[in-house]
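The structure appears below as structure tokens.
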């Protein structure tokens, strides 16, 4: 079946930046160019009248956590909570509205101690009071820390004498648990909480896919895949429930088990699932003050620089494993010290004669990657995937944590361009919604929530920002031959917008609406 798209602005994101019309056939782009040329070679094609709107290649998500996003639809949403009272009330209402029985686990997500009236993490006593009959976990907005109530701690066997895992912290005060955990400690015990009902989780996966599609996204990521997800993914594939292309990256400890479980997804799509490689994380979050820095945080003990979560030899071993098995590796690095640890390990592997660069290793977040480190990552072929929306969502907090000058260099996209480094942008969903146009707006304008221009010199053009979520993102996934631009031979994956992001004032980009999302020629989202 053939389809002609015409009568709108078509931004191809290729070396031929615009086209008057596009002809697709059976989900693949056949011809782009003049309408007359396309009409001459097509017969009986369906017509999609863009009615003056703008069509681009569909957006590609370079990093998020699909299962965590799905899980968030089954959890208490604490995003934008003003303080402890509102947190407690949202939890009580969730338990009542969902008829949660005593003993059933309750997970809440999205609180941010930086924006709460109390300016600190919710205390154990509050959690015990609002869920006295249920194990309860509150996950911080960063995803890297949280608070457990007494029932949860008891169910998980955590006591004041339980040692903290390396690269994490179980907090105590006066010899008593506070309920708060960071990094590897939080991840370790969060994974031990029971999974939601399987049917409910499958429904949540559909809600998550629908949400991604509503933002114009057709390719998504599972940024840290663990063995506990294997039954869920088997269900998704067996029931043909995935309709977005999903690339999953295995946690190092679970890598072999995951590849054994899904041999047909090794480097290729099987029921829209593909195993893309490995994921490690080397530090925490800058807003949570656990990102590993070369220089100290402000407003705390002078020597505090955050901390790493992996030993040097373990980072090196992960890279060597990736090379041995010819698998891409993604490394979470927020702070510049974590970035340097990754760079140093990559250099050792490269100097040993291994072609690490051909695997396109990725540095996830790269928030505080130093401009002095950019030549090093260019030399090693590391792709930084910036969490550019941090400028808006936590820029004011970064100013407080690092000072204005250092905070101005977060997500140094313009500096990366000056160093001829290809980069991508992501939202780390569910940390924030997968709103690609908001991210483009952030990268172009670099305004904080308080309206501060943070890093004028790191602003980039709209075109370069769009590349970071289309053709550059396709390259990160080794998909540049089939995705990321509107060119013959590539998939008919499109997003149709109500306005042209290259033509509206830069401050209006995040107000642009997604009208349709098209995957392989089929409409998978249509707005009101």
If residue 214 satisfies every condition in (1) in contact (Cβ under 8 Å) with a residue 24 or more places away in the chain; (2) within 23 Å of the chain's Cα centre (by Cα); (3) surrounded by fewer than 22 Cβ atoms within 10 Å (Cβ to Cβ); (4) under 28 Å from residue 282 (Cβ atoms) but one, which is the exception? (4)
Mind checking which residues of the range 334-373 are touching a residue at least 40 places away in the same chain (Cβ under 8 Å) and either more than 30 Å from residue 304 (Cβ to Cβ) or surrounded by fewer than 21 Cβ atoms within 10 Å (Cβ to Cβ) (or both)? 340, 359, 360, 370, 371
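Scan the range 10-43 for residues that are on the phi < 0 side of the Ramachandran plot and over 29 Å from the mean Cα position of the chain (by Cα) and report the count. Before the answer, list the steps.
Step one: list which residues in the range 10-43 are on the phi < 0 side of the Ramachandran plot, which gives 10-12, 14-25, 28-32, 34-43.
If we keep only those that are over 29 Å from the mean Cα position of the chain (by Cα) as well, we get 16, 18-25, 30-32, 34-43.
The total comes to 22.
This table checks each residue for (1) under 17 Å from residue 280 (Cα atoms); (2) within 18 Å of the chain's Cα centre (by Cα).
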position	(1), (2)
367	yes, yes
371	no, no
405	no, no
411	no, yes
Any residue that is without any contact (Cβ under 8 Å) to a residue 12 or more places away in the chain, in contact with a strand residue (DSSP E or B) (Cβ under 9 Å, 6 or more places away or on another chain) and not assigned by TED's automatic domain parsing to the domain that holds residue 332 - is there at least one of those in the range 184-206? no
Would you call residue 174 on the phi > 0 side of the Ramachandran plot, in contact with a helix residue (DSSP H, G or I) (Cβ under 9 Å, 6 or more places away or on another chain) and either buried (at least 24 other Cβ atoms within 10 Å of the Cβ) or modelled with pLDDT under 95 (or both)? no
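For every residue, the table says whether it meets (1) in contact with a strand residue (DSSP E or B) (Cβ under 8 Å, 6 or more places away or on another chain); (2) part of a helix (DSSP H, G or I); (3) surrounded by 15 or more Cβ atoms within 10 Å (Cβ to Cβ).
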| position | (1), (2), (3) |
| --- | --- |
| 3 | yes, no, yes |
| 10 | yes, no, yes |
| 14 | no, no, yes |
| 22 | yes, no, yes |
| 37 | yes, yes, no |
| 40 | no, yes, no |
| 51 | no, no, no |
| 67 | yes, yes, yes |
| 71 | yes, yes, yes |
Any hit, the range 300-310, residues being in a helix (DSSP H, G or I), under 21 Å from the mean Cα position of the chain (by Cα) and under 26 Å from residue 412 (Cα atoms): no
Checking the structure you have, find out if any residue of the range 76-88 is at pLDDT 95 or above, in a helix (DSSP H, G or I) and within 30 Å of residue 483 (Cβ to Cβ). no
Restricting the search to the range 431-463, which residues are modelled with pLDDT of 95 or more, in contact with a strand residue (DSSP E or B) (Cβ under 9 Å, 6 or more places away or on another chain) and crowded, with 22+ Cβ neighbours inside 10 Å? 434, 436, 437, 439, 440, 441, 442, 443, 446, 454
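To keep it simple, each residue is scored yes or no on (1) within 28 Å of residue 370 (Cα to Cα); (2) surrounded by 20 or more Cβ atoms within 10 Å (Cβ to Cβ); (3) at pLDDT 95 or above; (4) touching a helix residue (DSSP H, G or I) at 6+ places or on another chain (Cβ under 7 Å).
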{"position": "300", "(1), (2), (3), (4)": "yes, no, no, no"}
{"position": "304", "(1), (2), (3), (4)": "yes, no, no, no"}
{"position": "321", "(1), (2), (3), (4)": "yes, no, yes, no"}
{"position": "328", "(1), (2), (3), (4)": "yes, yes, yes, yes"}
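Could you please let me know if residue 50 is at pLDDT below 95 and out of contact with any helix residue (DSSP H, G or I) (no Cβ under 8 Å at 6 or more places or on another chain)?
no
Can you say whether residue 125 is out of contact with any helix residue (DSSP H, G or I) (no Cβ under 8 Å at 6 or more places or on another chain) and more than 27 Å from residue 401 (Cβ to Cβ), as far as the supplied structure shows? Steps first, please.
Details: out of contact with any helix residue (DSSP H, G or I) (no Cβ under 8 Å at 6 or more places or on another chain): yes; more than 27 Å from residue 401 (Cβ to Cβ): yes.
Yes; evaluated as a whole, the condition is true for this residue.
The values are calculated or read from the model by the stated rules, or taken from the named source; none is laboratory data. Because the structure is predicted, anything quoted here is derived from the model rather than measured. Backbone-built Cβ (ideal geometry, glycine too); neighbour counts: all protein chains shown.
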